[in-house]
1. From the set of residues in the range 1-46 that are among the basic types (Lys, Arg) and in a helix (DSSP H, G or I), which is surrounded by the most Cβ atoms within 10 Å (Cβ to Cβ)?
2. Cβ contacts < 7 Å: first residue among the polar types (S, T, N, Q), restricted to the range 1-29; second residue surrounded by 12 or more Cβ atoms within 10 Å (Cβ to Cβ) and assigned to a loop (DSSP other than H, G, I, E, B), any location; separation 6+ or different chain. Result?
3. Restricting to the range 1-33, name every residue that is closer than 20 Å to Ala47 by Cβ and among the small types (Gly, Ala, Ser).
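The numbers here are math on the coordinates, done by the rules we state, and not lab data. Please read all numbers here as calculations on a predicted model, not as lab measurements. Ideal geometry is used to build each Cβ from the backbone, glycine not excepted, and the neighbour counts take in all protein chains shown.
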Amino acid sequence: MHPQRQVERVPRLVPGARAEIVSSTGHGPQIDHADEVNRRMLDFMAAVG
C-alpha cells in the first residue's frame with residue numbers, strides 16, 4: 001500500500017471522506033497512536049456533524 005496515494009484517492013472516491021497519514025506506525029495506528037487517532041476522528045466528526 002502506498003499511503004500518499006491512498007490519501008489522494010480516498011476523498012475522490014468516497015464523498016465526504018478525509019484520509020490522513022499517521023507517521024511511525026504499522027497496520028494498527030489506532031493502537032500504536034490511540035490518542036492521536038482518537039483526536040483526529042473526533043475533529044473529523046465535529047467538522048461534519
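1. If we filter the range 1-46 for residues that are among the basic types (Lys, Arg), which is where we start, we get 5, 9, 12, 18, 39-40.
Now narrow it down to the ones that are in a helix (DSSP H, G or I): 5, 9, 12, 39-40.
On the way: Arg5: 9, Arg9: 13, Arg12: 9, Arg39: 11, Arg40: 15.
Among those residues, the one meeting the criterion is Arg40.
2. Final answer for the pair search is Gln6/Ala19; Thr25/His33.
3. Selection gives Gly16, Ala17, Ala19.
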